[in-house]
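Okay, so here's the structure we're looking at.
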Protein chains: 2
Amino acid sequence: MPTWGEKEFMQYLRDHRARVTPNRLTVFRAMQKSTKPLTVPDLAIEVEDTGLNTATLYRIMETLADLEIVHPVLQDHQSVAYELIEPFARHHDHMVCRQCGRTIDLYNCRLDEAVKSISDDSGFRVDFHQMEVHGLCPDCQTATRRP
Amino acid sequence: MPTWGEKEFMQYLRDHRARVTPNRLTVFRAMQKSTKPLTVPDLAIEVEDTGLNTATLYRIMETLADLEIVHPVLQDHQSVAYELIEPFARHHDHMVCRQCGRTIDLYNCRLDEAVKSISDDSGFRVDFHQMEVHGLCPDCQTATRRP
DNA sequence: TTCGCTGCAAACGGTTTGCACCGCG
DNA sequence: CGCGGTGCAAACCGTTTGCAGCGAA
């Protein structure tokens with residue numbers, strides 16, 4: 001099943017009593033185009049040509065996060081970045097390499113069953129999960145093997 | 001199996017060519033005592049009486065994170081907090097309630113099998129994982145049921 | 001027509017940095 | 001005794017805020 005696009009985004013905003021504006025569309029397009037989570041400064045560069053104000057950018061990201069269109073994630077262990085979440089992007093988790101620092105997206109996490117049992121056991125109703133696994137990526141394993 | 005304490009902490013530092021200092025012990029004790037992740041400003045208050053400098057605090061947390069003694073986690077969707085990780089604390093994941101905003105620790109996540117299959121499939125060597133499930137906690141479910 | 005959204009510019013405060021001194025190993 | 005760790009204070013810069021004007025619904 002394909003992820004939601006611009007049209008659904010606009011409808012989603014209206015459904016939640018939030019207005020559809022050129023700025024919000026600009027941000028949504030930039031997020032869709034990106035393959036990695038974006039910080040506000042990242043986005044500022046990305047949408048530079050539109051003249052979109054940085055303060056506005058912060059306010060837009062806060063709104064999109066409240067509406068659960070985007071989701072904040074930790075980047076480089078210190079700054080906050082945002083990424084689209086379901087149904088605006090395919091669900092995925094992250095694998096972070098402790099050596100090279102790269103983050104690799106992990107689709108097909110197959111955690112649904114375990115998460116369901118967590119939900120059943122605890123009584124916590126789960127909307128979605130987000131996982132990070134930390135370790136060594138394949139490249140760094142081979143690089144480390146022979147110093 | 002119990003988690004590692006002060007003695008092991010000191011040895012761990014030495015093993016990694018990092019020096020054992022009163023400041024680092026102070027921070028370690030504060031982290032052990034706390035039941036929730038702490039930001040640097042949090043810690044600053046916690047160790048106020050020792051006169052530990054804030055800049056030093058930032059440097060200590062960076063060091064402890066590099067040594068994988070602590071682990072940064074996102075707090076309130078915007079600020080970075082730290083918590084001890086295995087073997088200095090029991091492994092646990094987080095359940096974040098979208099209504100009341102509280103974070104509940106989840107022990108016994110039973111994700112090991114799924115994580116192992118991720119490791120096998122991807123070739124990524126996993127040291128540890130960290131998961132957040134988002135949704136509604138039991139309290140907020142009952143509160144929402146009858147408006 | 002209304003009220004949410006935006007731009008501008010100033011203020012804020014968490015975080016970083018340079019440097020000299022201290023003290024662990 | 002050497003070099004990592006620390007305190008101090010200034011600088012930095014990401015983020016927030018107040019307010020007036022604009023425009024989506």
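The values are calculated or read from the model by the stated rules, or taken from the named source; none is laboratory data. This is a predicted model, so every value here is computed, not measured. Neighbour counts run over all protein chains shown; Cβ positions are idealised from the backbone, glycine included.
Applying a threshold of 7 Å to beta carbon distances and a minimum spacing of six or more residues, or different chains, the list of pairs starting in region A:74-87 at a residue that is facing another protein chain (nearest Cβ under 7 Å) and ending at one that is assigned to a loop (DSSP other than H, G, I, E, B) reads A:Val80/A:Thr39; A:Val80/B:Gln78. In the set B:Leu57, B:Leu84, only one residue is at pLDDT 95 or above and under 19 Å from A:Gly135 (Cα atoms); that residue is B:Leu84. Taking residues in region B:1-30 that are closer than 21 Å to B:Asp49 by Cβ, and partners anywhere that are part of a loop (DSSP other than H, G, I, E, B) and among the β-branched types (Val, Ile, Thr), the pairs with Cβ atoms closer than 9 Å and at least 6 places apart or on different chains are B:Phe9/B:Val20; B:Phe9/B:Ile69; B:Asn23/B:Val47; B:Thr26/B:Val47; B:Val27/B:Val47; B:Phe28/B:Ile69; B:Arg29/B:Val47; B:Ala30/B:Val47.
Condition check ((1) surrounded by fewer than 18 Cβ atoms within 10 Å (Cβ to Cβ); (2) of a type in the set (Asp, Glu); (3) at the interface with chain B (Cβ under 8 Å from one of its Cβ atoms)) across all residues:
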position: A:Arg102; (1), (2), (3): yes, no, no
position: A:Asp105; (1), (2), (3): yes, yes, no
position: A:Lys116; (1), (2), (3): yes, no, no
position: A:Asp127; (1), (2), (3): yes, yes, yes
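Considering region A:9-33, the residues that are surrounded by fewer than 17 Cβ atoms within 10 Å (Cβ to Cβ) and away from DNA strand D (no atom under 14 Å from the Cβ) include one that is nearest to A:Val73 (Cα to Cα), namely A:Gln32. Among the residues making up region B:57-81, a single one is under 11 Å from the mean Cα position of the chain (by Cα) and within 8 Å of DNA strand C (Cβ to nearest atom): B:Val80. Exactly one residue among A:Glu86, A:Glu48, A:Glu68 is among the charged types (D, E, K, R) and in contact with a Lys or Arg (Cβ under 9 Å, 6 or more places away or on another chain), and that residue is A:Glu68.
How many residues are within 18 Å of the chain's Cα centre (by Cα) and on the phi > 0 side of the Ramachandran plot when one looks only at region B:102-147? Going through region B:102-147 one residue at a time, the tally reaches 1.
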